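First up is the structure itself, then whatever we jot down about it.
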Number of protein chains: 2
Amino acid sequence: MATESSAPVHRKTTLSDIAAGCGVSRATVSLVLRGSPLVNKHTRARVEEELRRQGYVYNRAAANLRRRTSSSIALVVNELANPFFAEFAAGVDETLGEAGFVTLLGSTGESTTREQAVLGSLIEHGPGGIILSPAEGSEARNVLTAIGAHLPVVLFNRELGGRLPQYAHWDRLMLDNRPGTRQATEHLIARGHRRIAFFGGHDDASSTRERHAGYVEAMQAAGLKIEPHWRVQTTPTRIDAVRATPALFEGGSKPTAAVCYNDAVALGLILGLHQRGLQAGRDFAVTGFDDIAEASMSVPPLTTLSTAPRARGRQAAELLLARLRDPQAPASTVIAPVELVVRESSCPLS
Amino acid sequence: MATESSAPVHRKTTLSDIAAGCGVSRATVSLVLRGSPLVNKHTRARVEEELRRQGYVYNRAAANLRRRTSSSIALVVNELANPFFAEFAAGVDETLGEAGFVTLLGSTGESTTREQAVLGSLIEHGPGGIILSPAEGSEARNVLTAIGAHLPVVLFNRELGGRLPQYAHWDRLMLDNRPGTRQATEHLIARGHRRIAFFGGHDDASSTRERHAGYVEAMQAAGLKIEPHWRVQTTPTRIDAVRATPALFEGGSKPTAAVCYNDAVALGLILGLHQRGLQAGRDFAVTGFDDIAEASMSVPPLTTLSTAPRARGRQAAELLLARLRDPQAPASTVIAPVELVVRESSCPLS
DNA sequence: TCCGTGAGTTGGAACGATCCAAATGTAACC
DNA sequence: GGTTACATTTGGATCGTTCCAACTCACGGA
């Protein structure tokens, strides 16, 4: 719990130093720092001069201890190297920064074990809340024991497994997954494809299940049959998608198109196809999810569902800030719309 | 200095609660938490049971206050949405996490004003050190007044303007900029190009100046003249690079190739060329710097200098951890090698 | 019996801020 | 002159932990 890992810190100047330096009490200096109207103009000026002179730095940790408040928010994402999460984190940090909060960063690499460890470590620093994008297969029970029942949480992108009563009090920001992939699938069908696969992600993540459901919905609505081997599960990373590409073609009836869990997976699939001598956007149609910056620049440019991750980051931060302002407000669930962006990877059936 | 921005925090269980709960003193509980060999096995077991029972969470802020230590490190990057920095941040966070430190995130958007603000805010949270990738045009003097003279700093990627005595005590992790762009330029020359531009970045950043110098070196070594309008300055973002592309072709002697400040700029240039009806990798040769994931997947794939940003992140974190272990050690400057990766964007002169 | 020893435990003062009730000084009023 | 009102200022307790010197207790040796 209290593992050793700490850095020695140089003696800093404190409130008392300033107080002594200009012959007032600590309380007065404190009032000056917080811009209280109670202090006399003249005193204030003297104190402020002394603050500058000694190069005083406010110790927010001490203040937070006394006031039983917090001025940081923990942000836990799956993988910062995924541009989707990088943009999301940038949006979160931007908005939190404007509100005077600092972002404590943590990343899980889609491992629930690491998620537990990271949450445990972040919690000890006393954040005022958590923005969490759960790892695949993460359980509400475990997250709850790691962070306790009273810390505000905003869930992003995925639900946790195993519902609990407390869990209902958490705010959530989800993407419009099912309608999104349904739309993508319908787009492929409209372009003449009949044998369409769903590629990537693991079914123990709610986002994957929802996106898969949208695909199934569209297929059934169009009266199309789905072969079992058209569902290939992968870790949602590019590298694992490349590795898993061959599985798509192992059964009898070969697909001519695939709806992918996200852009990382879609870009991996494009690469995997290439290794089999297939060119995405000509021999095989691909759609993604997220619209990361790369999507518009890949070969071929990727048809995908735009999620505006930076805006989502700002939104998640706003949700948390709203919760801090009003802890009693009912839990809100926001479903952010997604938009189909058609590019060249979703070619018509040739 | 002490602006209001704080979240109410639920009453947490403390050392005293545990102590009361099992009839020992606070001091003993504290010893148990820190795994001291002084406490009796039997007592320890009782205390640990009580810790679990009450769901105790260690308050590291309070401990840090008393011990005058810190368990966080501030990481300030230019733009998290740039995959180069995202990977870098991921590497930093990874290594810091393993060492039991938590990462305080800040981002400047290449603005020195925001840099000052972000540093000021992060400092108040009492990090044990700072890893800083300076904004373009950032001055040592300003950074120094923002963070004080005694906090360990690792500079990454760029030098600050205006040297100061204290500044010499900071560790630095730089990229092998000049030899890198020299190599890239020589590569273009070897492929038959004679009219080669240097595109992107602003000359008030040291990294830009160095990369530009490498280019000049190679040109001069080959006896090639450089036209003034072949130097186009931009903010190192994709969007600004697109905007600035026309400037390359405004003078009399049109270039047939460009060495770019980084990959973001190179990808922007490719787009900008496209808008003029030029195809990079066929009508015009382009090289980048960084080798972000996108570089291998762009149209055409980008010839660039690989910097392995994630490894650089780990390295920066290691430098800072080493400094914390031994504050007296002489300041180290590490220059990370870069490697030319030849892809299709650097086509031979047609 | 007394003393020394070592293992285990503990009260109280820090750390640097904030809160609160109370003190101070001054001016105004009757 | 005495009282009240108001504007400022202030000591001391407090937040949750760690440090330190001191304490208790059982045991063994002289």
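Each residue in segment B:204-224 was checked for being modelled with pLDDT of 95 or more and in a loop (DSSP other than H, G, I, E, B), and 3 of them qualify. From the list B:GLY100, B:GLY106, B:GLY137, the lone residue that is touching an Asp or Glu at 6+ places or on another chain (Cβ under 6 Å) and outside any helix (DSSP H, G or I) is B:GLY137. Restricting attention to segment B:287-340, the residues that are polar (S, T, N, Q), farther than 30 Å from A:SER298 by Cβ and in a loop (DSSP other than H, G, I, E, B) add up to 2. Filtered by the rule that a residue be buried (at least 19 other Cβ atoms within 10 Å of the Cβ) and farther than 10 Å from A:GLU136 by Cβ, segment A:200-218 gives A:GLY200, A:GLU210, A:ARG211, A:HIS212, A:GLY214, A:TYR215, A:ALA218.
For segment B:32-74, the set of residues classified as surrounded by fewer than 20 Cβ atoms within 10 Å (Cβ to Cβ), touching a residue at least 40 places away in the same chain (Cβ under 8 Å) and in a helix (DSSP H, G or I) consists of B:GLN54 only. State yes or no: is A:GLU115 within 21 Å of A:ARG312 (Cβ to Cβ), in contact (Cβ under 8 Å) with a residue 12 or more places away in the chain and touching a His at 6+ places or on another chain (Cβ under 6 Å)? So A:GLU115 does not fit the description; no. The residues listed here are B:ALA89, B:ALA74, B:ALA61; of these, the one that is under 20 Å from B:VAL153 (Cβ atoms), within 8 Å of chain A (Cβ to nearest Cβ) and in contact with a Leu (Cβ under 8 Å, 6 or more places away or on another chain) is B:ALA89. Kindly list, by first and then second residue, each pair from a residue in segment A:20-31 that is under 14 Å from A:GLU49 (Cα atoms) and assigned by TED's automatic domain parsing to the domain that holds A:ARG52 to a residue that is open to solvent by 60 Å² or more (accessible area, probe 1.4 Å) and more than 8 Å from DNA strand C (Cβ to nearest atom), limited to pairs with Cβ atoms under 7 Å and residues at least 6 apart or on different chains. Filtered contacts from segment A:20-31: A:CYS22/A:ARG46. Filtered by the rule that a residue be open to solvent by less than 10 Å² (accessible area, probe 1.4 Å) and not in a loop (DSSP other than H, G, I, E, B), segment B:109-134 gives B:GLU115, B:LEU119, B:LEU122, B:ILE130, B:ILE131, B:LEU132. The residues in segment B:6-42 that are within 11 Å of DNA strand D (Cβ to nearest atom) and touching a strand residue (DSSP E or B) at 6+ places or on another chain (Cβ under 8 Å) can be counted, and the count is 1.
Out of segment B:271-281, which residues are within 14 Å of chain A (Cβ to nearest Cβ) and not in a strand (DSSP E or B)? Result: B:LEU271, B:GLY272, B:LEU273, B:HIS274, B:GLN275, B:GLN279, B:GLY281. Would you point out which residue out of B:THR256, B:THR333, B:THR235 is over 26 Å from A:ALA86 (Cβ atoms) and under 17 Å from the mean Cα position of the chain (by Cα)? Answer to the selection: B:THR333.
Screening the candidates B:ALA63, B:ALA86, B:ALA81, B:ALA45 for the property of being more than 16 Å from DNA strand D (Cβ to nearest atom) and not assigned by TED's automatic domain parsing to the domain that holds B:GLY129 yields one hit, B:ALA45. Of the residues making up segment A:230-270, those that are in a helix (DSSP H, G or I), open to solvent by 20 Å² or more (accessible area, probe 1.4 Å) and touching a Gly at 6+ places or on another chain (Cβ under 9 Å) are A:ARG238, A:ILE239, A:ASP240, A:VAL242, A:ARG243, A:PRO246. For segment B:108-116, does any single residue satisfy the condition of being assigned by TED's automatic domain parsing to the domain that holds B:ALA168 and closer than 27 Å to A:GLU115 by Cα? Scanning segment B:108-116, I find no residue that is assigned by TED's automatic domain parsing to the domain that holds B:ALA168 and closer than 27 Å to A:GLU115 by Cα, so the answer is no.
In the set A:ARG238, A:ARG243, only one residue is within 14 Å of A:GLY288 (Cα to Cα), among the basic types (Lys, Arg) and modelled with pLDDT under 95; that residue is A:ARG238. When segment B:282-301 is limited to residues that are open to solvent by 10 Å² or more (accessible area, probe 1.4 Å) and over 29 Å from the mean Cα position of the chain (by Cα), the one that is farthest from the other protein chains (Cβ to nearest Cβ) turns out to be B:ASP283.
The number of residues in segment B:122-178 being within 25 Å of B:ARG68 (Cβ to Cβ), hydrophobic (A, V, I, L, M, F, W, C) and within 14 Å of the chain's Cα centre (by Cα) comes to 5.
A single entry from A:SER70, A:SER36, A:SER16 fulfils the requirement of being within 16 Å of DNA strand C (Cβ to nearest atom), at pLDDT below 95 and farther than 30 Å from A:THR307 by Cα: A:SER36.
The values are calculated or read from the model by the stated rules, or taken from the named source; none is laboratory data. Bear in mind that the values here come from a model prediction, so they are computed numbers and not experimental data. Note that we place each Cβ from the backbone using ideal geometry, even for glycine, and neighbour counts take in every protein chain shown. The accessibility values were calculated without ligands, DNA or RNA, using every heavy atom of the protein model including side chains. Shrake-Rupley method; radii C 1.70, N 1.55, O 1.52, S 1.80 Å.
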